[in-house]
């Protein structure tokens, strides 16, 4: 086709309706490209007769009869493929009218069809005009490439440019998945170029075009084989053009044969499908139907055992051939009912034993994850026949099981979609077609899509589909989890030639690839300084293409290895072409071995030719048999080698191949290096879907049986902890009779336990059970929703998970389990336990908050022996506050009546200290300060830590050691007397006992008369000696009177001003433990010399809320939570700390006893108050009153936010605000106060319009 220098102007009227000759056809097709699409074939009387129901869209925007010529790009335009295409489509669809929108222009290069080009813009405008008349766009036909076959640059960039054009064209026309069919450029055109003295790049254009089509969703290819040109040697003859049109029709009909071929939002089930499981999955894959064959089926006892062991979930990987004729892929659309009955039994067993089931088409038409074992014909991502068959199977299953509630049965579409076969965009398309097809049959079914690239990469394009979760994999790094596994071998027949790796890898393991010269960031040789004389074995992971690896010692070559993956070669495994057309990739079965006869200053290993190779491990063995080894990270995401240079430190060194001196290793995100290694693979990517509200699980994870058992258990522990940190469930691969399972796993180093004739790996089972129990427990806690800041919600979930690890059992304790502060296994603290109870009240069924107080009540007041010693029996007033706050949440009046009424524990605890004489001891406590020093009329001198603020700067000094410092006991503490007043007020409110009302009034008078400093507007400690002057050190202790309820309004306003002053207790990080202008303040925190402590923060926040300063409470609480979160992200290990720096995102520094570092990590003992209690009450703004069954919601955020699974007063409710309304689901009626209006919320689901939100609590 010659390059025609012709400018074509298309006139497209603005108002087409007035110009129409007839109504629009139902199915509309866009025809674009060059002259072989426009047509140059001869026309005659026969082809000027319009076929029935075929129409064309004219130059002036009218629908007229479809006669030749269809196009009008030049005066001598002739017959092209368009009319024959239309006729074939009309014949295939007797009830449909076909409309052709001709836009092809002879001689046009691809550049004019790219977005922004004139022909692209014209095609979009004309198609929109045609669609405006009615009908739907059902396909795009493309025949172009001749004009780009003259220059190498145009040809070699064709695939990239065509892909961009198609993607943008679909977007601009609003039809993301309309079929795009491309036609081959005829070989005769290449001959025409060469005849005219040019160099032909037709083959390259065709290769590029075919490559682009192979990677686009819903795209097809039409061959021109057998079609010839006319006399000019460029354009197809009329008959060839018509045959080409019929071929276009056949290809597009293949795509249109797929149900829901062009899925749209309304096809996914809408509100009926919008559901996510309210639990986290923990279970096993049962492989009874993973392969077709005579032994396919399930055993009921397996389901029974899984349930009895405490798991809640089973995944059933299925081979669709189990229910097709003769169990063969060739009969994939011929169903055998008997095979489906086997699946019926498996699902019935799961339902009988209370297990949620997820069925997965582990083999689906056109896709199987282990092609080297039993290849599946076809390609579901590029072959519409495979996709149509896959749709048929899922519709069959959807129809068969539509009566089973979605809460009991999930569908898992495709197992481990392969990047070898398709792109992530193609997989998204296939998943959408399958979801839409299922939802046409069963609109409510919950569906899970595996991540792309073997289940490892989440698919953002699926996030918005209602009722669709995603499944990850937990195998990374594969060099560990699949060590020694030959997928083609049966259990026990693997061939293992290398020593097994260990877990976890040392921090700073080398990562990257041995890359050829074209990869400059990988081409650096792996080098060892001071390399010893030894035998070396380099174990490789994947190798890409033919490569040459050379080993050199001090510049002299020692060995070289030529490697090339070969399909069918037993020396290679997992051999496949990259994305179907790239270089062959595979894993060599044997390590590369060489001997270094003498020590070398520098040993180097470099890939000098070819693509790349992924090293797995390097093992050194000397003549005495001693070994040194190093594992490589094998992180597929690493684009530059890291930690690539090592030095040999000696055979007896703890780490014989460390980094060179002076090279540091950056700290990881987690204290567990195994979790950090796993995150380097793919699992960190799964934070994104989880943050976007997608229900996720690891559909498979595990470790094969060739690694040491203890290493395998540590690997599983790292994975389980990571799943938990991410907020996703898991399903262990293999249950019985596989390399990975807990039964009959074939491990050589396990002391198996006999279990009903099976060999049970008890240690592995108990590890899984422990994590499953934790997951079930955490499913019942409140879930915070912070739409625009999902990381905050994950932070709250992390706090719950960490707190669960402090639910501890102690043999001989009065109350067990109890909340442990993480200090010591045989001691417990009043201050810590009381504050833990203040977040435990949100999940009382899981966290024994106030129940743990029995470990103080019973030994201290009833004389009950206990294995848990009370460490420093201070803070008796806090018992009353903790109990009362728990009551206000739970509404548990029985406990209040028992604690305050029957046993009178708070009253007796109060009186206990009142009755003590100077010198009296505390026989039930564990250690220091066994004697009461003295009592004062104006306040209290309690034992030891007193109010818990034991290290707070007092007077002219700061107590930073635990000793009997007389100076420290010369001060009466404002917090001590205020806590007594608080206890009296609460006891009176709980019981009506006037004695405590009188005591409260007495305390209130003393506090306001003696402890208030009118000059500073603050409550201070006072001197124990007359004249009892105030000791002016401003700390959060000054706010205990506000919580106690003894502060007059005017004094409250003056007191609160200190929290607004950034030079005092305010600022970006509020609530330092001493005023910023104090000489005691240390910007690093230094424990109580500025450190931010969550117990006192929470006390201050509650005091503000209860005294009319709710706005300020929310603002300061949110600042504190954000500071905790910033520290969690910025400081390693990423955890919750005992106290925080008042100036930067770090934990507070610490100088207590002999410690000179930061404060304690993993401290949910009280610091969880931030991400749990204050997150709910102040960041989200929801405050529940279980006694009144009322919720007050201070709406301040504008994004989607709220709390799910909030429990108060016997009510379980979820409340989520979005777009001016609150979606509520409640188990019982309650009152909701929003913007001063009280709403009655009924049982069930409610949508409550509340309007917009004017402002946020604080700027983000």
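When residue 1033 is tested against (1) at pLDDT below 95; (2) closer than 24 Å to residue 982 by Cβ; (3) touching a helix residue (DSSP H, G or I) at 6+ places or on another chain (Cβ under 9 Å), only condition (3) is not met. Across the stretch 606-619, the number of residues qualifying as surrounded by 17 or more Cβ atoms within 10 Å (Cβ to Cβ) and closer than 19 Å to residue 560 by Cβ comes to 9.
Scan 603, 548 and give me the residue that is in a strand (DSSP E or B) and buried (at least 20 other Cβ atoms within 10 Å of the Cβ).
On the way: 548 fails: buried (at least 20 other Cβ atoms within 10 Å of the Cβ).
Being in a strand (DSSP E or B) and buried (at least 20 other Cβ atoms within 10 Å of the Cβ) holds for just one of 603, 548, which is 603.
This table checks each residue for (1) crowded, with 16+ Cβ neighbours inside 10 Å; (2) assigned by TED's automatic domain parsing to the domain that holds residue 123; (3) in contact with a strand residue (DSSP E or B) (Cβ under 7 Å, 6 or more places away or on another chain).
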{"residue": "154", "(1), (2), (3)": "yes, yes, no"}
{"residue": "164", "(1), (2), (3)": "no, yes, no"}
{"residue": "182", "(1), (2), (3)": "yes, yes, yes"}
{"residue": "192", "(1), (2), (3)": "yes, yes, no"}
{"residue": "222", "(1), (2), (3)": "yes, yes, yes"}
{"residue": "225", "(1), (2), (3)": "no, yes, no"}
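Any residue that is under 25 Å from residue 1135 (Cβ atoms), in a helix (DSSP H, G or I) and modelled with pLDDT of 85 or more - is there at least one of those in the stretch 854-873? Scanning the stretch 854-873, I find no residue that is under 25 Å from residue 1135 (Cβ atoms), in a helix (DSSP H, G or I) and modelled with pLDDT of 85 or more, so the answer is no. Check residue 462 against each of (1) at pLDDT below 95; (2) in contact with a helix residue (DSSP H, G or I) (Cβ under 8 Å, 6 or more places away or on another chain); (3) on the phi < 0 side of the Ramachandran plot; (4) surrounded by fewer than 24 Cβ atoms within 10 Å (Cβ to Cβ) and name the one condition it does not meet. The single condition residue 462 does not satisfy is (1). Of the candidates 656, 660, the single residue that is in a loop (DSSP other than H, G, I, E, B), within 20 Å of residue 596 (Cβ to Cβ), without any contact (Cβ under 8 Å) to a residue 60 or more places away in the chain and touching a strand residue (DSSP E or B) at 6+ places or on another chain (Cβ under 6 Å) is 656.
In this structure, residue 974 does not satisfy being at pLDDT 95 or above and within 48 Å of the chain's Cα centre (by Cα).
From the list 1024, 983, which one is in contact with a helix residue (DSSP H, G or I) (Cβ under 7 Å, 6 or more places away or on another chain) and buried (at least 19 other Cβ atoms within 10 Å of the Cβ)?
Answer to the check: 983.
Test of understanding: among 762, 758, 714, which residue is out of contact with any helix residue (DSSP H, G or I) (no Cβ under 6 Å at 6 or more places or on another chain) and either closer than 17 Å to residue 458 by Cα or buried (at least 19 other Cβ atoms within 10 Å of the Cβ) (or both)?
Details: 762 fails: either closer than 17 Å to residue 458 by Cα or buried (at least 19 other Cβ atoms within 10 Å of the Cβ) (or both); 758 fails: either closer than 17 Å to residue 458 by Cα or buried (at least 19 other Cβ atoms within 10 Å of the Cβ) (or both).
Within the list 762, 758, 714, the selection yields 714.
Scanning the stretch 434-455 for residues that are surrounded by fewer than 22 Cβ atoms within 10 Å (Cβ to Cβ), closer than 30 Å to residue 588 by Cα and in contact with a helix residue (DSSP H, G or I) (Cβ under 9 Å, 6 or more places away or on another chain) yields a single hit, 453. Among the residues of the stretch 892-902 satisfying the criterion of being surrounded by fewer than 18 Cβ atoms within 10 Å (Cβ to Cβ) and either in contact with a helix residue (DSSP H, G or I) (Cβ under 7 Å, 6 or more places away or on another chain) or at pLDDT 95 or above (or both), which is nearest to residue 1190 (Cα to Cα)? Applying the filter and picking the extreme gives 893. Take the conditions (1) outside any helix (DSSP H, G or I); (2) more than 24 Å from residue 317 (Cβ to Cβ); (3) in the same structural domain as residue 482 (by TED's automatic domain parsing); residue 785 misses just one of them, which is (3).
Selection over the stretch 1119-1136 of residues that are touching a strand residue (DSSP E or B) at 6+ places or on another chain (Cβ under 8 Å) and modelled with pLDDT of 95 or more gives a count of 4. Being at pLDDT below 95 and within 29 Å of the chain's Cα centre (by Cα) is a property that holds for residue 1256. Across the stretch 1000-1022, the number of residues qualifying as within 54 Å of the chain's Cα centre (by Cα) and within 15 Å of residue 976 (Cα to Cα) comes to 11. Does the stretch 691-711 include one or more residues that are assigned by TED's automatic domain parsing to the domain that holds residue 362, within 25 Å of the chain's Cα centre (by Cα) and in a helix (DSSP H, G or I)? Scanning the stretch 691-711, I find at least one residue that is assigned by TED's automatic domain parsing to the domain that holds residue 362, within 25 Å of the chain's Cα centre (by Cα) and in a helix (DSSP H, G or I), so the answer is yes.
Can you name every residue in the stretch 874-885 that is at pLDDT 90 or above and either surrounded by 24 or more Cβ atoms within 10 Å (Cβ to Cβ) or assigned to a loop (DSSP other than H, G, I, E, B) (or both)? Can you show your working first?
Within the stretch 874-885, the first condition is being at pLDDT 90 or above, and the residues that meet it are 879-885.
Of everything in the stretch 874-885, those that are at pLDDT 90 or above and either surrounded by 24 or more Cβ atoms within 10 Å (Cβ to Cβ) or assigned to a loop (DSSP other than H, G, I, E, B) (or both) turn out to be 879, 880, 881, 882, 883.
Which count do you get for residues in the stretch 52-93 that are within 17 Å of residue 136 (Cα to Cα) and either free of Cβ contacts under 8 Å to residues at least 12 places away in the same chain or part of a loop (DSSP other than H, G, I, E, B) (or both)? So the answer is 4. Reported count of residues in the stretch 566-582, each being buried (at least 17 other Cβ atoms within 10 Å of the Cβ) and either in a strand (DSSP E or B) or modelled with pLDDT of 85 or more (or both), is 5.
Filtering the stretch 1131-1148 for residues that are part of a strand (DSSP E or B), touching a residue at least 12 places away in the same chain (Cβ under 8 Å), in contact with a helix residue (DSSP H, G or I) (Cβ under 9 Å, 6 or more places away or on another chain) and more than 15 Å from residue 1088 (Cα to Cα) leaves an empty set. Against the conditions (1) assigned to a helix (DSSP H, G or I); (2) buried (at least 20 other Cβ atoms within 10 Å of the Cβ), residue 1053 satisfies every one except (2).
Going through 258, 252 one at a time, which residue ends up being in a loop (DSSP other than H, G, I, E, B), at pLDDT 95 or above and crowded, with 16+ Cβ neighbours inside 10 Å? Give the derivation first.
Values: 252 fails: in a loop (DSSP other than H, G, I, E, B).
Going through 258, 252 in turn, just one is in a loop (DSSP other than H, G, I, E, B), at pLDDT 95 or above and crowded, with 16+ Cβ neighbours inside 10 Å: 258.
Applying the set (1) buried (at least 18 other Cβ atoms within 10 Å of the Cβ); (2) out of contact with any helix residue (DSSP H, G or I) (no Cβ under 8 Å at 6 or more places or on another chain) to residue 374 leaves exactly one unmet item: (1). In the condition set (1) part of a loop (DSSP other than H, G, I, E, B); (2) closer than 19 Å to residue 150 by Cβ, residue 193 is compliant with all but (1).
Give the residues of the stretch 198-220 that are outside any helix (DSSP H, G or I) and touching a strand residue (DSSP E or B) at 6+ places or on another chain (Cβ under 6 Å), sorted by residue number. Break it down stepwise before answering.
Here is the first cut: in the stretch 198-220, the ones outside any helix (DSSP H, G or I) are 198-201, 216-220.
Correct list: 219, 220.
The numbered conditions (1) assigned to a helix (DSSP H, G or I); (2) in contact with a helix residue (DSSP H, G or I) (Cβ under 9 Å, 6 or more places away or on another chain); (3) surrounded by fewer than 16 Cβ atoms within 10 Å (Cβ to Cβ) are all true for residue 303 except (3).
Sort out which residues of the stretch 1205-1220 are part of a strand (DSSP E or B) and at pLDDT below 95, and write them in order of number.
Taking the stretch 1205-1220 as the starting set, the residues that turn out to be part of a strand (DSSP E or B) are 1205-1208, 1211-1218.
The answer is 1218, and nothing else.
The values are calculated or read from the model by the stated rules, or taken from the named source; none is laboratory data. Given the structure is predicted, the values throughout are model-derived calculations rather than measurements. Quick reminder, even Gly has a Cβ in these numbers, built from the backbone with ideal geometry, and neighbours come from all protein chains shown.
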